[in-house]
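The values are calculated or read from the model by the stated rules, or taken from the named source; none is laboratory data. This is a predicted model, so every value here is computed, not measured. Positions of Cβ are backbone-derived with ideal geometry, glycine not excepted, and every protein chain shown enters the neighbour counts.
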Amino acid sequence: MERNIRKLASIRRIDNIKPIENADKIEIAQVGGWNVVVKKGEFEKDGLAIYCEIDCLMPERPEFEFLRAKHFRIRTMKMRGQISQGIIFPLSILGDKQNDFKEDEDISEYLGITKYEPPISPQLMGMAKGNFPTYLIPKTDEERIQNILNILIEMKDKLCYITQKETGTSFTAYHHIVNNMEISEQEQYIGVCSRNLELKNEAFPGSDVNIYWKIAKQYDIENKLKKFYSDTGRNIAIQGEITGNGIEKNPLGLPRNIHQLHLFNVYFIDEHRYANYEDFISVAKILEIPTVDVIYRGMFNFDLQQLLKMAEGKYPNTNNEREGIVIRPIEETFSETLQGRMSFKVINNLYLLKED
């Protein structure tokens, strides 16, 4: 069920080269929806190059030594008033292998590039019970708009809803009936997961709390999912964002020791599908768990720049930039561009600049 494995580094075509006002030595190279500041004359429109996205963690190799002061991490930057996201290298860094790769091919592994992951506090680790149960539920993961510009064509004139993307940690809980064939009984199983793992109801050594199970108990999720199954006969998973003190610097400004959960997905396990918008809202109300804020509901007729502007804004009652927005159609739809669920995110560039 997992989809859209992120191409951190890939062979890409330079879509355009644009000048930067009052800059003699640098210019803008456009790759898909990304703008990257490059040395003037180094790249040409329609030429192939290696594009590395923001959050790439480059290996400590001589050709990347100039990134040591940045700890080899590719970040969002601003130069001469121009936002630059990612970095572009000529194919020549591949040496005699530069003709072995085709356009759009992922070369992250070949170059030894990994994704930067922020340090995890003990309360966000929990004790692993196993891997995330992707055989039952898809992981929460949206592609960035800059990588999938064709989605704007697919979404045009569709009824959609746009939600605020909260800065926190991803949470999944699910109810599943397990059949014991030996004794012909059924067991109601409740699972609680972080983004990548299913977790035991135990704190990680060195921490006095497992934030995921704390939230499950705070919202009485086990009993609510069991009752939902009893009332409807449906096994479901709920997915949301946990925010609060000790998580990503708490940009929502919640009081000390306060954590909250806002849902952004409901998944019908037996039907292998996400809930449409109306069902999503309905199930959240039945479970008495709040959803992420819906900031727009209506026809989709936006371009990239309009969406980037819409992604800007601050979390309520704070001066902290929100992370961005997530866009989905009201009725769940298969996307040819994504080869999966039609759902994508737009990250607030002001948030990225502040974080970096």
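Considering every residue within the range 277-298, establish whether at least one is within 28 Å of E117 (Cβ to Cβ) and among the aromatic types (F, W, Y).
no
For the range 187-242, which residues satisfy the criterion of being small (G, A, S) and assigned to a helix (DSSP H, G or I)?
Passing the criteria: A216, S230.
Across the range 309-330, what is the total count of residues that are out of contact with any Ser or Thr (no Cβ under 9 Å at 6 or more places or on another chain) and either surrounded by fewer than 16 Cβ atoms within 10 Å (Cβ to Cβ) or more than 23 Å from T243 (Cβ to Cβ) (or both)?
Qualifying residue count for the region: 8.
Applying the selection to the range 19-31, what residues are under 27 Å from the mean Cα position of the chain (by Cα) and either surrounded by fewer than 17 Cβ atoms within 10 Å (Cβ to Cβ) or of a type in the set (V, I, T) (or both)?
I28, Q30, V31
List the residue pairs whose Cβ atoms are under 8 Å apart, where the first residue sits in the range 302-320 and is part of a strand (DSSP E or B), the second is hydroxyl-bearing (S, T, Y), and the two are 6 or more positions apart or on different chains.
Here the result reads none, with nothing in the range 302-320 linked to a residue that is hydroxyl-bearing (S, T, Y).
Take the range 48-59 and flag every residue that is part of a loop (DSSP other than H, G, I, E, B) and either surrounded by 14 or more Cβ atoms within 10 Å (Cβ to Cβ) or at positive phi (or both).
Matches in the range 48-59: E53, I54, D55, M58.
Keeping to the range 339-354, report how many residues are in a loop (DSSP other than H, G, I, E, B) and buried (at least 19 other Cβ atoms within 10 Å of the Cβ).
Number of matching residues: 3.
Name the single residue that is nearest to the chain's Cα centre (by Cα) among those in the range 85-100 being surrounded by fewer than 17 Cβ atoms within 10 Å (Cβ to Cβ) and assigned to a loop (DSSP other than H, G, I, E, B).
In this case the residue turns out to be P90.
Out of V292, V283, I need the residue that is more than 19 Å from the chain's Cα centre (by Cα) and of a type in the set (V, I, T). Which one?
V283
Here are some residues: R80, R73. Which one is surrounded by fewer than 19 Cβ atoms within 10 Å (Cβ to Cβ), in the same structural domain as D15 (by TED's automatic domain parsing) and either under 20 Å from the mean Cα position of the chain (by Cα) or of a type in the set (S, T, Y) (or both)?
Within the list R80, R73, the selection yields R73.
Where in the range 119-182 are there strands (runs of 3 or more DSSP E), lying wholly inside it, with at least 1 residues that are at pLDDT 95 or above and not polar (S, T, N, Q)?
The qualifying strands (runs of 3 or more DSSP E) are 159-165, 169-180.
From the list E241, E336, which one is surrounded by 15 or more Cβ atoms within 10 Å (Cβ to Cβ) and either among the small types (G, A, S) or within 21 Å of the chain's Cα centre (by Cα) (or both)?
E241
Would you please list the contacts, defined by Cβ atoms under 7 Å and residues six or more apart or on different chains, that run from a residue in the range 48-64 that is free of Cβ contacts under 8 Å to residues at least 40 places away in the same chain to a residue that is crowded, with 21+ Cβ neighbours inside 10 Å?
F64/M58
A quick yes/no check of all residues on (1) under 19 Å from the mean Cα position of the chain (by Cα); (2) among the β-branched types (V, I, T); (3) loosely packed, with under 13 Cβ neighbours inside 10 Å:
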site	(1), (2), (3)
K102	no, no, yes
T134	yes, yes, yes
I137	yes, yes, no
E142	yes, no, no
Q146	yes, no, no
I190	no, yes, no
A216	no, no, no
